[in-house]
Amino acid sequence: MTRPNTILEIKDLHVGINDKPILQGLDLKLEKGKVHALMGPNGSGKSTLANLLARKEDYVVTSGHIQYLGEDLLTLSPEEAAWKGVFLSFQYPVSIPGVTNIQFLKSALNATLKAQGKPVLDAMDFLKIVKDKMAALEMPEALLYRFVNDGFSGGEKKRNEILQMSLLEPTLAILDETDSGLDIDALKAVATGINALRNENRAILLITHYQRLLSYIEPDFVHVLSNGKIIKSGDKSLALELEEKGYAWL
Amino acid sequence: MNLLTPNLDSAFKKRASHISALSPALQKAQSDAFSHFHTLSFPSNKLDHWKYTDLPQQSLPMFTPPIAIEPNVPFQQLQSLLMDPHSLTLVLFSNEVAVKTPDQPWFSANPTSPDWKFDPLRHSSLDALNMAFSGNEFHIRIPDHSITEAPIYIYHITESFQDPVLINPRHHITVGKNAQATLIEVYLSVGQSPSFTNTVTDITLAENACLTHLFLQKGSPQSLQIAKIHIDQDKHSQYVGNSIMLGGSVNRAAFHINLNESFATCQFSALQMAKETQRLDLDFCVQHYKPNCDSKIISRSVIQGNGKSAFTGKIAVQKNATKTTAQLENKNLLLSATAEANTRPQLEIDNDDVQCTHGATVGHLDPDALFYLISRGIKTEDARQLLIQAFIYPSLQTLPTVSLPYLENLIHEY
């Protein structure tokens, strides 16, 4: 039985792609209000987990299960998962020339509000909300009228991801290497944005290679993923230790 | 006579007795044209340029030109078909003038000119068929130095309620020196029976003339719409062309553009959207005859169901056409396993001092982009629509502004 403050509970998860096993007995529990950092070497399965949680279809779950808010997450389509509050900040956000950012953001927010049974926003209300949130992320308004991620710098793409997160107000936010490709200033701005979105009802899973992000966003827990399972968990000091010694000692 | 077309033959005879006003010269020209048509027969996919267009050969001889039509259209029905009911407008119903806004010095309907001479390089069998049955030619003449602010609309509505009809419109558009105009041609087919609209349009741009042109073909599921558009451009003239095809059983437009003098530019955008069993064919040829001309062709096709599209795009640069710049791009989006796109971009370059690029792609919706949109809560069908909209976006950039809301609606319904 899942406890009321548990958002996500993964038990003995085995996942493969094209007959190649990737996650091999993963256990993980995320609770309300907590930030979990997931670290691990390349190829350990971090992005597979992130994409699976957002319900990308490419994967085959061979055993185990994922409970999200008491429901079997694996029965949900990507849009249903989004409506129920699952959000993935992509490592490589896709650019879509021909669709403006404002059209994309408004479609996403209104589709989600509608599915949640809430009133949708008209153009004026939406513009006011999105402009406020962009100001907080130090994003120029011009990015609204450009095509989705098209010609965006690395920093602009990641800020745009955090903007989507702040608009959609997810219950479970998975941030896949949000720090990759960012300079120090962009990293600080993105970290500030994420910290502003920490609250007592939300769980955040931060996937990262480096301790650097964690000095701006302090995690409650740190997990190390290796060969498809979590081999060590601890508090933020584990991240510092990993930074110093690498993954080999584990 | 090696082609069995009893309906056409008797229609041709009857027609001569109905239209007594035909001059002997025109009768001769039309009779020549009809015999050329018989020699050449209907085009089939044995011809290279018709390779991917399957005309219903069995039923082609059934299409018959109507002898006399009373354009009798309920005004309200007409209004609903128009893009902008308040603009300068010419509405042709099965090639007869149904509505014409008054005081149009630029428009005239003249008897077909008898000086037609068959030229095998320029005239196809359907050109000859068009000539053979042509009674009136519609002329739009924009005088030198005049700038027409409002677009000129020609609506061509082919109505077919019983027997399969064949309609042969002939249009001449002349834009004078330093003149500017926007021309919107809309070809619609209405009615439950098969119809065949066989259009020939000649456009001439004088020195420094500028024409923005939209050629929209929107057929009914029983209609064949075939068009040949021949464009001649003088020095420093600018032609901005747009072709939009939204179905019909078979739709084909052949644009042949001659850049006859230096510094002429042609910018052309095309969109084809096919579904069910529709066949859409864009045949495009631009000839660079003189130095310093520029041509740019962008085309997009979206094909679903058992639809089939064809694109033949040729840029030919003659020996003395140095400093030519030319760009040719055709992209095709297949939305079903049975959709088919055929694309043939061609360059024929006869000198070294040119910059020409060409490219063609055939593909599906990008699954990563689709997942990105859906993962934000956008429903799969809406996400697909957004990506289709993004795909066709580059082909809609040179449209007359006034046509955009109308077209966006049409495309969205599609």
**OP:** Give the interface area between chains B and A as buried accessible surface, both sides summed, probe 1.4 Å, in Å² to the nearest 100.
**Re:** 1900 Å²
Subject >> With all protein chains modelled, accessible area of B:Cys356 [1.4 Å, Å²] >> reply: 30 Å²
Original post:
What distance in nm separates the simple spin-label points at B:Glu276 and B:Ser193, each placed 7 Å from Cα in the Cβ direction?
Top reply: 1.9 nm
Original post:
Over the heavy atoms of A:Arg198, what accessible area does a 1.4 Å probe trace out, to the nearest 10 Å²?
Top reply: 80 Å²
Subject >> Cα-based convex hull, region B:107-159, per residue volume (Å³, whole number) >> reply: 140 Å³
Subject >> Per-pair calculated FRET efficiency, R0 = 41 Å: B:Asp202 and A:Thr192 via Cβ, rounded to 0.05 >> reply: 0.05
**OP:** For region B:5-412, count all C-alpha to C-alpha pairs, find those more than 27 Å apart, and express that count as a whole percent of the total.
**Re:** 51 percent
Subject >> Computed accessible area, A:Val148, all protein chains, 1.4 angstrom probe, square angstrom >> reply: 0 Å²
Original post:
Averaged per residue, what accessible area in Å² does chain A show with a 1.4 Å probe, protein chains only?
Top reply: 45 Å²
**OP:** Mind computing the radius of gyration and Dmax over the alpha-carbon atoms of chain A? Å is fine for both.
**Re:** 17.8, 56
**OP:** For region B:331-414, give the magnitude of the charge dipole about the Cα centre (Cβ charges: +1 Lys/Arg, -1 Asp/Glu; no others), in debye to the nearest 20.
**Re:** 420 debye
**OP:** Evaluate the distance, in nm, between pseudo-label points positioned 7 Å from the Cα of B:Glu413 and of B:Asp352 along their respective Cα→Cβ axes.
**Re:** 5.6 nm
Original post:
Past the 30 Å Cα-Cα mark, which pairs from B:Lys228/B:Lys290; A:Lys84/A:Lys229; B:Lys331/B:Lys379; A:Lys157/B:Lys275; B:Lys46/B:Lys117; A:Lys128/A:Lys157?
Top reply: A:Lys157/B:Lys275
Original post:
Beyond 25 Å, what percent of the Cα pairs of region B:122-251 remain?
Top reply: 28 percent
Subject >> Simple Cβ-charge dipole of the protein assembly as shown, Lys/Arg +1 and Asp/Glu -1, about Cα centre, in debye nearest 20 >> reply: 460 debye
Original post:
At what distance in nm do the modelled label points of B:Thr325 and A:Met124 sit from each other, each positioned 7 Å from its Cα along Cα→Cβ?
Top reply: 4.5 nm
Subject >> Considering only the protein assembly as shown, percent of DSSP beta bridges that pair antiparallel, nearest 5 >> reply: 20 percent
Original post:
Along the positive direction of the dipole of chain B (beta-carbon charges: Lys, Arg +1; Asp, Glu -1; about the Cα centre), which of B:Leu26, B:Gly176, B:Tyr289 reaches farthest?
Top reply: B:Leu26
Original post:
Given the Cα-Cα distance of A:Ser180 and A:Asp12 and 0.36 nm per residue of separation, how much length would full extension add, in nm?
Top reply: 57.6 nm
Subject >> Largest to smallest principal axis extent of the C-alpha atoms in the protein assembly as shown, angstrom >> reply: 102, 50, 45
Original post:
Based on the Cβ-Cβ distance from B:Arg122 to A:Ser95, what FRET efficiency comes out when R0 is 35 Å, to the nearest 0.05?
Top reply: 0.20
Original post:
Using the Cβ atoms and a cut-off under 14 Å, what net charge is assigned to the surroundings of B:Leu334, where Lys and Arg are +1 and Asp and Glu are -1?
Top reply: +3
Subject >> Angle in degrees between helix A:123-136 and the longest Cα principal axis of chain A, rounded to the nearest 10 >> reply: 50 degrees
Original post:
What number, rounded to the nearest 500 deg cm²/dmol, is the helix-based mean residue ellipticity at 222 nm of chain B, given -39500 (n - 2.57) per DSSP H run of at least four residues and division by all its residues?
Top reply: -5500 deg cm²/dmol
**OP:** With a 1.4 Å probe and every protein chain left in place, work out the accessible area per residue of region B:5-412 in Å², rounded to a whole number.
**Re:** 40 Å²
Subject >> Net lengthening on full extension, B:Asp163/B:Arg344 (0.36 nm per residue, minus Cα-Cα) >> reply: 61.5 nm
**OP:** Determine the order of B:Thr361, B:Thr324, B:Thr148 by accessible area, beginning with the largest, at a probe radius of 1.4 Å.
**Re:** B:Thr361, B:Thr148, B:Thr324
Original post:
Considering amide H positions built from the backbone, and no H for Pro or chain starts, which residues 5 or more places from B:Val362, or on another chain, come under 5 Å of its amide H?
Top reply: B:Asn332
Original post:
Taking the Cβ of B:Gly248 as the center, what net charge do the other residues with Cβ under 14 Å away carry, scoring Lys and Arg +1 and Asp and Glu -1?
Top reply: +2
Original post:
Counting only residues 5 or more places away or on other chains, whose amide H sits under 5 Å from the amide H of B:Asn251 once H atoms are built in the peptide plane?
Top reply: B:Gln225, B:Arg279, B:Leu280, B:Asp281
**OP:** Determine the residues within region B:344-378 where the difference in accessible area between the chain on its own and the full set of protein chains amounts to at least 30 Å²; count protein heavy atoms only and use a 1.4 Å probe.
**Re:** B:Asp368, B:Phe371, B:Tyr372, B:Leu373, B:Ile374, B:Ser375, B:Arg376, B:Gly377, B:Ile378
Original post:
Which value at 222 nm does chain A reach when only helices count, each DSSP H run of 4 or more adding -39,500 (n - 2.57), with the total divided by all residues and rounded to the nearest 500 deg cm²/dmol?
Top reply: -10000 deg cm²/dmol
Subject >> Acute angle (nearest 10 degrees) that the helix A:154-168 long axis makes with the longest principal axis of chain A, alpha-carbon atoms >> reply: 80 degrees
Original post:
Quick one: ranking A:Ile184, B:Ile315 by accessible area, 1.4 Å probe, largest first, what do you get?
Top reply: A:Ile184, B:Ile315
Subject >> Surrounding net charge for A:Glu241, when Lys and Arg each add one and Asp and Glu each subtract one, Cβ distance under 12 Å >> reply: 0
Original post:
Gap in Å between the Cα centre of region B:244-283 and the Cα centre of region A:99-152?
Top reply: 36 Å
Original post:
Taking amide H positions as placed 1.01 Å from N in the peptide plane, with prolines and chain starts having none, which residues 5 or more places from B:Ile297, or on another chain, fall under 5 Å of its amide H?
Top reply: B:Phe268, B:Gln327, B:Leu328, B:Glu329
Original post:
When the accessible area of chain B is computed with all protein chains present and a 1.4 Å probe, what percentage of it is carbon and sulfur?
Top reply: 51 percent
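The values are calculated or read from the model by the stated rules, or taken from the named source; none is laboratory data. Note that the structure is a prediction, hence the values are computed from the model and not measured. FYI the Cβ positions are ideal-geometry reconstructions off the backbone, even for glycines, and counts take in every protein chain you see. In case anyone asks, the SASA skips ligands and DNA or RNA and just uses the protein heavy atoms, side chains included. Shrake-Rupley method; radii C 1.70, N 1.55, O 1.52, S 1.80 Å.
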